[in-house]
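Some notes on the structure that comes next.
We did not get these values from a lab; they are worked out from the coordinates using the rules stated. It should be emphasised that the depicted structure is a prediction, and the values quoted were computed from it without experimental measurement. Heads up, the Cβs are rebuilt from the backbone with ideal geometry, glycines too, and the neighbour counts pull from every protein chain shown.
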Amino acid sequence: MPWPTRSCLLTLALTAASLAAPTHTVQKGETFYQIAKEHGLTPDALGKANPLVNPQRLHPGDLLRLPTSVPSPSPAPAKSAPTTPTQPAWVKIQKGDTLSKISRQTGVSIEDLRRWNQLSDNSLSIGKILRLSPPAPTSKPAPAPKPTPAPPAPPKTSFVSPVRRQIDSARDDLRDWEYIVVHHSGTGGGNARIFDAYHKERGMENGMAYHFVIGNGSDSGDGQIEVGQRWIKQIQGGHLASESLNEIAIGICLVGDFSHHQPDPRQTAALIELVQYLRQMQSSPRLKFRLHREINTKPTECPGKLFPSAKIHEILD
């Protein structure tokens, strides 16, 4: 389960009574959420059966007691590890770049570059992002092209578009935000609803600590942006270990544990589009982009050692 800050590992103590109950031995890399899901439990039910355990501080060899009232289903087939893409989904336009040059370097045709980026000619703007793969498909298939009238141009963004109205609903009451801070959930799955319930159980009055969540395909779409109530109501976040920073920092959480694997390319593409869109809403002063570990007042690895920090900073700084 997501946890705003990290602390020391807690050793699990089992009583003689609990040893008689079904148990699960924690394996390397497993999370509290994954174990609960594997046994058909909610994280809350597993937590109540193990009151001495900190869900964020598991280590191999720990024993978790399984509630006897809930039968354990057969384990779901393991999700195959994502393969590393051979080519990025986007590229930042540098001085001297042309469509022809980028086409030769990437193997993407000029025609596809124009179509995927809605370009009417060959002109490029330095510093802008050029898409190297097709936009994400929408929920409804595009209508067959007709000679007349011409079909409307596709939206310029493919990840922000489904939630643009929710994001824009805060325009009239927009706070003076100064930072956008990216986190990882530290879990294999989850979504805004799950995180909201978990954070409320931990005593957070306003629910989910983040303003936005970007899914990884487990409990929401791969690259799907979810808008939290903290953004819609324009209230401070709960994602940093500083009240003053929470007042001025927008929190974006990518679902996944990037201490063990890299984020999905669709997640990073959605993150870039979301940050750029939020900057358009509040261009003065320009929102500064930070990783959790770069701004938090307490040491943390978040958003994980395998998060592509240098590449994302190159694009968003």
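For the range 191-228, which trypsin sites (Lys or Arg not before Pro) are both in a DSSP coil and crowded by at most 16 other Cβ atoms within 10 Å?
Counting only loop positions with at most 16 other Cβ atoms within 10 Å, the trypsin sites (Lys or Arg not before Pro) in the range 191-228 are ARG202.
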Stokes-Einstein D (µm²/s) once Rh is taken as the Kirkwood radius of the range 164-243 over alpha-carbon pairs, at 10 °C in 1.306 mPa s: 119
Net dipole in debye of the range 161-316 [+1 Lys, Arg Cβ; -1 Asp, Glu Cβ; about Cα centre; nearest 20]: 200
Short version: ³J(HN,Hα) in whole Hz for each residue of the range 256-264, in order, from phi by Karplus 6.51 cos²θ - 1.76 cosθ + 1.60 (θ = phi - 60°), x for Gly and Pro, what are they? x, 10, 8, 7, 10, 7, 7, x, 5
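Where a ≥ b ≥ c are the square roots of the eigenvalues of the C-alpha gyration tensor, would you call the range 90-131 rounded, which needs a/c under 1.5, or, failing that, prolate if a/b is larger than b/c, or oblate? The partial results should precede the final answer.
Numbers: a/c = 1.45, a/b = 1.14, b/c = 1.27.
Rounded, because the longest to shortest axis ratio a/c is under 1.5.
Rounded, prolate or oblate, given the Cα gyration tensor of the range 16-65, with a/c below 1.5 counting as rounded?
Working: a/c = 1.43, a/b = 1.18, b/c = 1.22.
Cα axes put the range 16-65 in the rounded bin.
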From the C-alpha coordinates alone, can you work out the Kirkwood hydrodynamic radius of the range 161-316, in Å? 15.4
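I want the local charge near LEU316. Using Cβ-Cβ distances under 12 Å, sum +1 for each Lys or Arg and -1 for each Asp or Glu among the other residues. Show your work: numbers first, answer last.
Numbers: positive: LYS92, ARG279, ARG286, LYS288, ARG290, LYS311; negative: GLU273, GLU314, ASP317.
Its environment carries a net charge of +3.
Could you put HIS39, HIS211, HIS313 in order, starting from the residue whose Cβ has the fewest other Cβ atoms within 10 Å?
Values: HIS39 19, HIS211 29, HIS313 13.
Starting with the residue having the fewest Cβ neighbours, the order is HIS313, HIS39, HIS211.
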Amide H of HIS184: which non-local residues (sequence gap of 5 or more, or other chain) have their own amide H closer than 5 Å, using H built in the peptide plane? LEU254
Aspartates and glutamates with Cα under 17 Å of LYS311, excluding same-chain neighbours fewer than 8 positions away: ASP264, GLU273, GLU294
If you place +1 on the Cβ of every Lys and Arg, -1 on the Cβ of every Asp and Glu, and leave all else neutral, what size is the dipole of the range 271-317 about its Cα centre, to the nearest 20 Debye? 140
What's the exposure ranking of ASP97, ASP62, going from fewest to most Cβ atoms within 10 Å? ASP97, ASP62
